[in-house]
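Below is one structure, written out as structure tokens; comments come after it.
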């Protein structure tokens, strides 16, 4: 049996460890951001609504949307300076460790919440979501350092990462699902207590499975380049040197707005608008996780055949149809059909978007530019939930709020059509010169 050279073994170990971090933090995405905490949070808010900043009777759905928007605004404000700092001083792995530890602790502390403590639950969620999204800046920035130059390899590794995340997040959600639905097996008679224990489990899952990535991946070496790593306040001006990258960021902001809002509000929409049980909602989210895993790999293969840009556009066409369908669905069966359609394209659209952006980032400045990626992503996570919450607040209709998401897919896809990957590659060569 042929023995692999040490350098190749280290590379394989680093790639596996990198994918395992997606496995680790996806428990937060499935349990805290998507399936369990939104429903639990709604149960903490009084029937007459929440009271905040002098306003009373804020519906639970709207209050959740405002919490998501606030956490994403904070990430958007700090992403660029943190990315530039990480590149300049070689802090990518260190900052990833910091955000991971803070996020896992905040998540586990949700165990301490109880009836009426919606403000504490919102505060802990905001800390956890900031840590989750902030850590992903540095996690994503490691992607182009783990593969050889070229779109094919980076699409494959990005897809493997998302597939690992969907599998890990799905298994974690399955454990919590069993805990909530069959609590008597473990001597737990209260579903709310089972959910709180699930939050404790989620924090531990995130931290434990992240350890290989946090401990085994070396900090990428700094690249000594002329005029490299300008002050973060000058970083935005650097984007003008990469017009196609800038166009992609704007397109990503728009279409990702719709995607992230669907993820963030679907569970609470199902509870408040359709009246579905917690078991039905969790079961649907479990299905989404396990269907999304092969979906990510399929889209990775599709991207190698038709290119990253056209693969993303294809996914947006499907998302537009999903938005139309979501606005009119009425039953649990239709909600399951919706979940299946989302699962087919969710992971693939995200994985290929990440790898497509990575191919356009300047070497040695990945964290700085993935800071811009995070800004685009998190402003999307601000505007979508904020618009969703405002439409509900003003019209009282969850369905009009869902229907409004279609515009994000249409405009984002149209702007993506103007991105030229070949021209982006030439811009990188000119910048090196």
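Going through (1) over 30 Å from residue 179 (Cβ atoms); (2) under 17 Å from the mean Cα position of the chain (by Cα); (3) surrounded by 19 or more Cβ atoms within 10 Å (Cβ to Cβ) one by one, residue 21 falls short only on (1). Determine whether residue 131 is within 21 Å of residue 92 (Cβ to Cβ), without any contact (Cβ under 8 Å) to a residue 40 or more places away in the chain and surrounded by 18 or more Cβ atoms within 10 Å (Cβ to Cβ). Here the answer is yes, as residue 131 does meet what is asked. Screening segment 302-334 for residues that are part of a loop (DSSP other than H, G, I, E, B) and touching a helix residue (DSSP H, G or I) at 6+ places or on another chain (Cβ under 9 Å) and picking the one that is surrounded by the fewest Cβ atoms within 10 Å (Cβ to Cβ) gives 328. Taking the criterion of being at pLDDT below 85 and more than 19 Å from residue 144 (Cβ to Cβ), the residues of segment 6-32 that qualify are 6, 9. Cβ-Cβ contacts under 8 Å between residues 6 or more apart (or on different chains), taken from a first residue in segment 167-193 that is on the phi > 0 side of the Ramachandran plot and free of Cβ contacts under 8 Å to residues at least 24 places away in the same chain to a second residue that is surrounded by 16 or more Cβ atoms within 10 Å (Cβ to Cβ) and assigned to a loop (DSSP other than H, G, I, E, B), are absent. Out of (1) in a helix (DSSP H, G or I); (2) in contact with a helix residue (DSSP H, G or I) (Cβ under 8 Å, 6 or more places away or on another chain), the odd one out for residue 147 is which? Single failed check for residue 147: (1).
Condition first: at pLDDT below 80 and outside any helix (DSSP H, G or I). Now tell me which residues in segment 240-273 satisfy that. Across segment 240-273, the qualifying residue is only 273.
Quick grid of which residues meet (1) touching a strand residue (DSSP E or B) at 6+ places or on another chain (Cβ under 9 Å); (2) touching a residue at least 12 places away in the same chain (Cβ under 8 Å); (3) under 20 Å from residue 203 (Cβ atoms); (4) part of a helix (DSSP H, G or I):
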site	(1), (2), (3), (4)
21	no, yes, yes, yes
48	yes, no, no, no
68	no, yes, yes, yes
71	no, yes, yes, yes
77	no, no, no, yes
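Taken together, the criteria place residue 82 among residues that are in a helix (DSSP H, G or I) and closer than 23 Å to residue 203 by Cβ.
The rows are residues; the columns are (1) more than 23 Å from residue 34 (Cα to Cα); (2) touching a strand residue (DSSP E or B) at 6+ places or on another chain (Cβ under 7 Å); (3) modelled with pLDDT of 95 or more.
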| residue | (1), (2), (3) |
| --- | --- |
| 186 | yes, no, no |
| 194 | no, no, no |
| 204 | no, no, yes |
| 209 | no, no, yes |
| 215 | yes, no, no |
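Could you tell me whether any residue of segment 90-104 is surrounded by fewer than 18 Cβ atoms within 10 Å (Cβ to Cβ), in a helix (DSSP H, G or I) and either without any contact (Cβ under 8 Å) to a residue 60 or more places away in the chain or in contact with a strand residue (DSSP E or B) (Cβ under 6 Å, 6 or more places away or on another chain) (or both)? Yes, that holds for at least one residue.
The values are calculated or read from the model by the stated rules, or taken from the named source; none is laboratory data. Keep in mind it's a predicted model, so treat the numbers as computed, not measured. Don't worry about glycine lacking a Cβ; one is built from the backbone with ideal geometry, like all the others, and counts go over all protein chains shown.
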